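Here is the structure we will look at, set down as C-alpha cells.
The values are calculated or read from the model by the stated rules, or taken from the named source; none is laboratory data. This is a predicted model, so every value here is computed, not measured. A quick note on method: Cβ atoms are made from the backbone with ideal geometry, for glycine too, and the neighbour counts reach across all protein chains shown.
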Amino acid sequence: MDQALHQILKSHFGFDDFRPLQLDIIKAAMAGQDVLALMPTGGGKSLCYQVPGLAKEGLCLVISPLIALMNDQVQNLRKKNITAFAIHSGLSRKEVINILKTATHSNCKFLYVSPERLETSLFKEYLPALDVNLIVVDEAHCISQWGYDFRPPYLNIADIREELAEIPVMALTASATERVQQDICEKLSTDKNNFKIFRQSFERPNLSYSVFNVQSRINKIIQILNNVQGSSIVYCKTRKRTKEIAELLQMQNISADYYNAGLSSDLRTQKQQAWIQNKVRVMVCTNAFGMGIDKPDVRTVIHADAPDCLENYYQEAGRAGRDGKRAFAVLLFDEPEIDTLKNLPDVRYPDIETVRTIYQAVVNYLQIPEGEEPSEYYDFDLKDFIKKFNLNIQSAIYGLKALEQDGWLSFNEQVFFPATVRFTTYKNELYDYEKGSPHLEPLIKTLLRAYEGIFDYPASISESYLAFLLKTETTLIQEQLTRLHFDRIIDYQPQKDMPQIYLNRTRIKTSLLRIDNKLYAERKQIFTDRVKKIISYCLDTNTCRSRIIGNYFGDDELPDCGICDNCLGRKKSELTAAELETIINYMKTNSTSSLSTIHILKELNHIKKEHIWTAINFLVEEGKLLMQADGKLQWK
C-alpha cells in the first residue's frame, strides 16, 4: 500500500516523500479509522485527505467553512486533471442541482461543501447516490462550542455521520486545546474512543518568539524591519490601522502595502499576488489575510496589536519561516492594551437586550416580516447596516456573533464568489448562434479554449483575464457575457464579494427572542480564560514562549526552545564578554560576505551554540547584524 500512496503523491502532486505524520494519518484513514489530526498552518493538511481520496473508489466529501479556500482547492485539483466541485452558500438552487447531478454521474473525486448546505433537503436527497468514501472536516475546531471559532452549522455534520455510519471521518485543525479535541471527537462519533489522534509537535526550532512592551509601535516595527530583511507580515486589529502603518512604513522607504476585508476582491487579489511575488516586501493587514497562503520565505510576522487568544496568535505567527530558515514572530503591546483585553469579555458577550436590538435591526434591514420561514441568503452591507440604524460597531458585530452562535442566523463577512460561466446550449445551436453574432464569436471561442469542462459544470472565470486574452476592456467582456446570458447561450453569474446573511429560524417577534443563558455564560467564561492566557503570555518574562504555546495545546513534552526572548534573556548572563568579543570579531573579519547561521556555528564550535544564538539575537536587535531575506547574516 505504501508504494501505491507514494505513487499518487509523486504523480499528482510532484512530491517524493511525505512530511512527518502525513503517511500515518493517510494509512489510518485507508484502514477505516476515524482520525483527528492537529497540524500547524502550512503543515500539509490537504494532502492527508487528497491522497486517500484518490486512492479509494468513490468520492471524498470535504466540509469547510472557508469559501475562498474551497474554490482555490477545486481550481488547484482541476489543474491536476482531478474532478472536483464546491457547493456553498453563494450558489443558487439550480447551480447546486447541476453540481450534485454531475458529481453523482461522473468520476468526481472531491466535493467541497459548506456546513450550511449539509442540512438542506436537496443535499440530503442526493447524498446516498454520491458514493462517499471519506468524510473530511476541515477547521474541525468550529464544531466545538468551547473553541475560539464555534460555528453552529458544523453540528449538522453529526447527522451526515448517521447517514454514512460506515464511512471514516478525518477531522483536521491547526489548533485545538485538549478540551476542544475531546469535544470534536464526541461531536463526530458516538464512540469517541474510535478516534485516533495525531498531533504534530508544536515545536518550531527555527522560529524565535519575542514580546515587547513598547510606547511607539511604529518605531519598533521599523527597527525590526531594518534589522531583519525579507518578506514580512504586520497584523493589526483594525482596517484603519493597516492603512496608517503601511503609509508610515512607505515614508521610511520600506516597501509596504495594506490588506483588509473592506477592499474589493480584485484589489485584495492584486495586493496578495504582489506580496507573494516579492514585489511588495511588507503586508500590513487584519487577520483576513493569510488563510491558504503558503509563502515559505516570510522572515518576520509582527503583531502590532495583541490578539485575543493564543489560537489566533499561533496560527498567524506560524506563517513565518516555513522554509525552515531563521524567522521571527514578534508581539507588541502596551499597558492600556492589557486593560482593554481584560474588559473584552463584556464587549464580546453583550447583554440580551443588546442582542435583541441587533436582531430587530437585522430583520428590519432585510425587510423580513414576522412568521417568514428561512428561504434565502441576503447580501448584507455591514457598514450600511450600522449607519442606517445608528449602531455601535462593536455592539453590531458581537450581537450578530451571539445570534449566530445561538443558531438564529448565519453571517459570513469574508465572502468571495468568483464569476462563473456554464454553456447551456447544444453545440450545434452554438455554431448557428456564432454565425448570427460574429462580434461575440471571439469571446465564445476563448471561453471554450481557456476553461475545460465549461459545458459540464460552472467554471470559475476571470473577466479581466478574458479581457487580457482578447486585448479589450473588462467592462466590454462583462457586457458580452451578460448578452450571452440573456440569449440563453450561457449561465453567467457575475463575481460577488458582498457579505452574506441567512436566517436559520422563522422570523419571530423580537420580544420573544431567547438565547441559552447557561451556554452563553459558559462560552463567555471560556473566552475570559483564553484572554487571561494571552495576557499571561504577554507579561511572562521568564518561561520559554514555545513551551507556553505547546502546553496550552496539550503538548507537555516540549523542551525550552533556546531562541525566544525569554530563553535568550536567561542565557545572556551566561554569555561572557570574551565570547561576545570573539563572535563580533569573527563577523567583522567576514564583513564582506553573507554567512549562514549553520556556517557560523560550525566555525565557532568552541563556543556553546546557545551562546552564539544569544549573541546573534542581541547583535541583530542592536542593529549591528543584518539578517537578509535568505536568512543569512551580514555585519553592518
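Points to keep in mind about this one:
- Among the residues of the stretch 235-281, those identified as assigned to a strand (DSSP E or B) and under 15 Å from T300 (Cβ atoms) are Y235, A256.
- Residue check, Y433 more than 20 Å from T354 (Cα to Cα), surrounded by 14 or more Cβ atoms within 10 Å (Cβ to Cβ), at pLDDT 90 or above and of a type outside the set (K, R): yes
- Top-ranked residue of the stretch 129-148 - restricted to ones that are under 23 Å from the mean Cα position of the chain (by Cα) and polar (S, T, N, Q), ranked as farthest from I25 (Cα to Cα): Q145
- Whichever residue in the stretch 85-128 is assigned to a loop (DSSP other than H, G, I, E, B) and closer than 16 Å to Y502 by Cα and, among such residues, is nearest to the chain's Cα centre (by Cα): S114
- Annotation for the stretch 153-160: at least one member residue is among the acidic types (D, E) and part of a helix (DSSP H, G or I).
- Matching residues in the stretch 40-60 - criterion: being part of a loop (DSSP other than H, G, I, E, B), more than 20 Å from N194 (Cβ to Cβ) and not small (G, A, S): P40, T41, E57
- L100 fulfils the conditions (1) out of contact with any strand residue (DSSP E or B) (no Cβ under 7 Å at 6 or more places or on another chain); (2) surrounded by fewer than 20 Cβ atoms within 10 Å (Cβ to Cβ) except for a single criterion, (2).
- Taking residues in the stretch 245-274 that are on the phi < 0 side of the Ramachandran plot, and partners anywhere that are among the acidic types (D, E), the pairs with Cβ atoms closer than 7 Å and at least 6 places apart or on different chains are A246/D257; A261/E413; S264/D497; S265/D497; K271/D257; A274/D257.
- The test for being without any contact (Cβ under 8 Å) to a residue 24 or more places away in the chain and in the same structural domain as Y365 (by TED's automatic domain parsing) holds for L512.
- Checking the stretch 443-456 against the condition returns a match, with at least one residue being over 21 Å from A86 (Cβ atoms), of a type in the set (K, R) and in contact with an Asp or Glu (Cβ under 9 Å, 6 or more places away or on another chain).
- Criterion: modelled with pLDDT of 90 or more and within 30 Å of I397 (Cα to Cα) - qualifying residue of L440, L513: L513
Residue by residue, here is whether (1) out of contact with any Gly (no Cβ under 7 Å at 6 or more places or on another chain); (2) β-branched (V, I, T); (3) more than 21 Å from G324 (Cα to Cα) holds:
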| position | (1), (2), (3) |
| --- | --- |
| S591 | yes, no, yes |
| L601 | yes, no, no |
| I612 | yes, yes, no |
| N617 | yes, no, no |
| E622 | yes, no, yes |
| L626 | yes, no, no |
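- Put simply, of E162, E139 the only residue that is charged (D, E, K, R), over 25 Å from R523 (Cβ atoms) and out of contact with any Phe, Trp or Tyr (no Cβ under 8 Å at 6 or more places or on another chain) is E162.
- Meets criteria (of a type outside the set (A, V, I, L, M, F, W, C), surrounded by 20 or more Cβ atoms within 10 Å (Cβ to Cβ) and over 27 Å from L512 (Cβ atoms)) for E335: no
- Helices (runs of 4 or more DSSP H) fully within the stretch 425-496 counting 2 or more residues that are of a type outside the set (S, T, N, Q), closer than 26 Å to K101 by Cβ and not assigned by TED's automatic domain parsing to the domain that holds R78: 427-436, 441-450, 474-486
- Any hit, the stretch 216-226, residues being without any contact (Cβ under 8 Å) to a residue 40 or more places away in the chain, farther than 30 Å from G550 by Cβ and in the same structural domain as V136 (by TED's automatic domain parsing): no
For every residue, the table says whether it meets (1) of a type in the set (K, R); (2) at pLDDT below 90.
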residue	(1), (2)
F195	no, yes
Y209	no, no
V214	no, no
K220	yes, no
N226	no, no
I233	no, no
C236	no, no
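- Some residue of the stretch 226-239 being surrounded by 19 or more Cβ atoms within 10 Å (Cβ to Cβ), closer than 30 Å to N542 by Cβ and in contact with a Pro (Cβ under 7 Å, 6 or more places away or on another chain): no
- For G290, the conditions (1) modelled with pLDDT of 90 or more; (2) crowded, with 21+ Cβ neighbours inside 10 Å are fulfilled apart from (1).
- Residue in the stretch 353-375 that is within 23 Å of the chain's Cα centre (by Cα) and surrounded by fewer than 19 Cβ atoms within 10 Å (Cβ to Cβ) present: no
- Selection from the stretch 526-547 of residues that are surrounded by 13 or more Cβ atoms within 10 Å (Cβ to Cβ), assigned to a helix (DSSP H, G or I) and touching a residue at least 24 places away in the same chain (Cβ under 8 Å): I526, F527, T528, R530, V531, K533, I534, I535, Y537, C538, R545, S546
- Pick from the stretch 560-597, criterion outside any loop (DSSP other than H, G, I, E, B) and among the acidic types (D, E), ranking: surrounded by the most Cβ atoms within 10 Å (Cβ to Cβ): D565
- Filter result (out of contact with any Phe, Trp or Tyr (no Cβ under 9 Å at 6 or more places or on another chain) and within 17 Å of L568 (Cβ to Cβ)) within the stretch 524-542: D540, T541, N542
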